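Let me begin by presenting the structure, written as structure tokens, before commenting on it.
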Amino acid sequence: MTSHRLHPLTHAVAALLLAGLATHASATGMVIHDSYGPDINQLNGWPTPLFAGQDIAIAFSLGSAGTIESLLTSVDGTGSVTLGILPRTGALPGTASWLYSLQLTDPFANSLLSPSGWTLAAGNYWLVAVAGAGFSGQWQSGTDSPNGAWAYSAGSTWTTVDSPFTGMPAARITVAAAVPEPDTWGLMLAGGLLIAAAARRARATSTQG
């Protein structure tokens, strides 16, 4: 029987190549904030009223730069409401301009949104719902178990809500999985070529022997 043996370095390159391919194949979005309960269709928390003059904000953070892949919230009502992201530089939202925002009309609770191009640096942020004139609705908490403070505004004054009786308004924020950089793809391709060349040499040596 003819034995084809590869150099140990080739085995190492092959292992790294396969690991890289496996990582890429299994890449999925990463949830960075989730204030829902175990079942998004069973919202057990308090419904916080949302109307013109009373807005709601929940805090979230990013450990590294990322792009928002999807937003799921329990915002519900009739009329127009703006949902967007503000920078978080203090305990309460300030007067900063939107980093990103979108307009919702007659939103239903638990509607999945997929914004485009919402890329954020590592840092702290607010997800904010600002009701338009005539909007009548709510942003219901996902659970009746306290899971963090949030903020609401009465007029132009923001107040911290830290209730022992309910959780924060329900939201699930997912960022896109990291995509390998071009140089990573280059290394993987080079590794594949090295393995192929080593295999050819092994076959040639075996034939000559």
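Couple of notes before you dig in:
- If you go through the range 89-99 and keep only what is over 21 Å from Ala149 (Cα atoms) and either touching a Phe, Trp or Tyr at 6+ places or on another chain (Cβ under 8 Å) or surrounded by 11 or more Cβ atoms within 10 Å (Cβ to Cβ) (or both), you end up with Trp98, Leu99.
- Checked across the range 17-28, the condition of being surrounded by 12 or more Cβ atoms within 10 Å (Cβ to Cβ), modelled with pLDDT under 50 and in contact with a Leu (Cβ under 6 Å, 6 or more places away or on another chain) holds for no residue.
- Any hit, the range 52-66, residues being hydrophobic (A, V, I, L, M, F, W, C), in contact with a strand residue (DSSP E or B) (Cβ under 9 Å, 6 or more places away or on another chain) and part of a loop (DSSP other than H, G, I, E, B): yes
- Condition check for Ala171: touching an Asp or Glu at 6+ places or on another chain (Cβ under 8 Å) and in the same structural domain as Leu62 (by TED's automatic domain parsing): yes
- Answer residue from the range 100-148, given it is small (Gly, Ala, Ser), closer than 23 Å to Ser64 by Cα and touching a residue at least 12 places away in the same chain (Cβ under 8 Å) and is surrounded by the most Cβ atoms within 10 Å (Cβ to Cβ) among those: Ser101
The values are calculated or read from the model by the stated rules, or taken from the named source; none is laboratory data. Everything numeric in this text was worked out from a predicted model, so none of it was measured. Every residue, glycine among them, receives a Cβ derived from its backbone with ideal geometry; neighbour counts consider all protein chains shown.
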